[in-house]
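For reference, the structure discussed in these notes is given below.
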């Protein structure tokens, strides 16, 4: 055991944190139409309920990833989850769009602390090999289920209670996890480095990502040369360029240590993670929700239940199929195959019509897309964290989550430029609009499959020769084998 926390406890808390964070990303989507009606959202501004969370999350993940390295797991875990829960209460009580968007951004701040720490807790507890692969498979499966099940519960809660309940649900979920973490995690857990947080780098990264996404979003209703779109795009580009300069020349403790990019899987792997986020993370839930409610006229509860196949297939493939395949196939092969399968699913999804039934319009594409997502996630996470030392695990985890979250938010903004602003249009007009988004997601998956070919070759051992850091090799055998 390390500092009083067993590997089982650490993994359980890491999975709980990841579930809460990704559950919150998707639970909100089914409630979007109800929020729009109740609070008077302009159709063009509705995406910011989702994007404000994702951008605060993505922009601060690099900083959040360093907090655990510097201040210890328990303190950072409890602090991040406390912010997350309180912001959920504020959002659930919001009476105007601005308050709701601000509360969602605050939740993104809490998530930016929790998510990289969750991955760090896994990679610093389980050394590379079969047992880490199994731990990451469980962590990834929980991630996928958190994202998919949020839609199911979001629909039921919205239909039978209120859209406010999808925000307040984090209280009964988060508080028990918070109390358990405060009791079971050690005060000082994992290797840490001395130094200061790179606040200028965090500000520049957050501003750059947010401005780029804002510029793309503005291009939906303005010309690309219009100042409303051009200025945020230019500002975001400048901010990110300044971030690179600050990290290389001025930061004593950079958010992204330069050594990370000497590792074979980090550079291309995080670009692949960004593409995966643009397909599997936020956009799919956003456009499927609008399709089911606006085109097929499903109720909120029916829409939520419509996502059940995504949850089940992702869980089964991510937890049981992919880890076994990783014993025999290279990670990059599984990523490419999974992306190609998902591309087929997105093309199938783009063919939905107002006359489609559930089996051919939702269920069939869901099985194919989710099978592909389940094949991609664990090998990709394993690739981008391979070779990272314990003292840089937080930074690497922050980078992984940043690319995934930014991929989701930026991808949504880009895909929205391909769709109509008229959410009150006829189902036929809407389905043509949303079909453009699904076809674009298929193209993104093809790009991911092509990119997988340049990822480093990596085959994992079928057996682990060492246990977790500081623990016996037999500990948690029943959980991970």
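The values are calculated or read from the model by the stated rules, or taken from the named source; none is laboratory data. Worth saying up front: this structure is predicted, and the values here are computed from it rather than measured. Here the Cβ positions follow ideal geometry from the backbone for every residue, glycine too, while neighbour counts run over all protein chains shown.
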Checklist outcome for this item: Here the residues within region 200-228 that are buried (at least 21 other Cβ atoms within 10 Å of the Cβ) and under 23 Å from residue 418 (Cβ atoms) are 209, 210, 211, 212, 213, 214, 215, 216, 217, 218, 219
Checklist outcome for this item: Inside region 310-331, the number of residues satisfying the requirement of being touching a residue at least 60 places away in the same chain (Cβ under 8 Å), closer than 24 Å to residue 447 by Cβ and either part of a helix (DSSP H, G or I) or in contact with a helix residue (DSSP H, G or I) (Cβ under 7 Å, 6 or more places away or on another chain) (or both) is 7
Checklist entry - Which residues, counting only those in region 24-45, are within 17 Å of residue 300 (Cα to Cα) and buried (at least 20 other Cβ atoms within 10 Å of the Cβ)? => result 24, 25, 26, 27, 28, 29, 30, 31, 32, 33, 35
Checklist entry - What about residue 272, is it modelled with pLDDT of 80 or more, more than 30 Å from residue 353 (Cβ to Cβ), under 18 Å from the mean Cα position of the chain (by Cα) and crowded, with 17+ Cβ neighbours inside 10 Å? => result yes
Checklist entry - Going by the conditions given, is residue 446 over 16 Å from the mean Cα position of the chain (by Cα), within 28 Å of residue 247 (Cα to Cα) and modelled with pLDDT of 85 or more? => result no
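Let's see how each residue does on (1) at pLDDT below 80; (2) under 23 Å from residue 118 (Cβ atoms); (3) touching a helix residue (DSSP H, G or I) at 6+ places or on another chain (Cβ under 6 Å); (4) not in a helix (DSSP H, G or I):
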{"residue": "407", "(1), (2), (3), (4)": "no, yes, yes, no"}
{"residue": "418", "(1), (2), (3), (4)": "no, no, yes, yes"}
{"residue": "424", "(1), (2), (3), (4)": "yes, no, no, yes"}
{"residue": "431", "(1), (2), (3), (4)": "no, no, no, no"}
{"residue": "436", "(1), (2), (3), (4)": "no, no, no, no"}
{"residue": "441", "(1), (2), (3), (4)": "no, no, yes, no"}
{"residue": "457", "(1), (2), (3), (4)": "yes, no, no, yes"}
{"residue": "460", "(1), (2), (3), (4)": "yes, yes, yes, yes"}
Item to check | From 308, 325, residue being at pLDDT 90 or above, surrounded by fewer than 21 Cβ atoms within 10 Å (Cβ to Cβ) and at negative phi | outcome: 325
Next on the checklist: If residue 334 satisfies all but one of (1) at pLDDT 85 or above; (2) in a helix (DSSP H, G or I); (3) closer than 20 Å to residue 435 by Cα, what's the number of the condition it fails?
Outcome noted: (3)
Checklist entry - Among the residues of region 61-98 satisfying the criterion of being at pLDDT 85 or above and out of contact with any helix residue (DSSP H, G or I) (no Cβ under 7 Å at 6 or more places or on another chain), which is surrounded by the most Cβ atoms within 10 Å (Cβ to Cβ)? => result 86
Checklist outcome for this item: When region 241-257 is checked residue by residue, the ones that are assigned to a helix (DSSP H, G or I), closer than 15 Å to residue 63 by Cα and touching a helix residue (DSSP H, G or I) at 6+ places or on another chain (Cβ under 7 Å) are 243, 246, 247
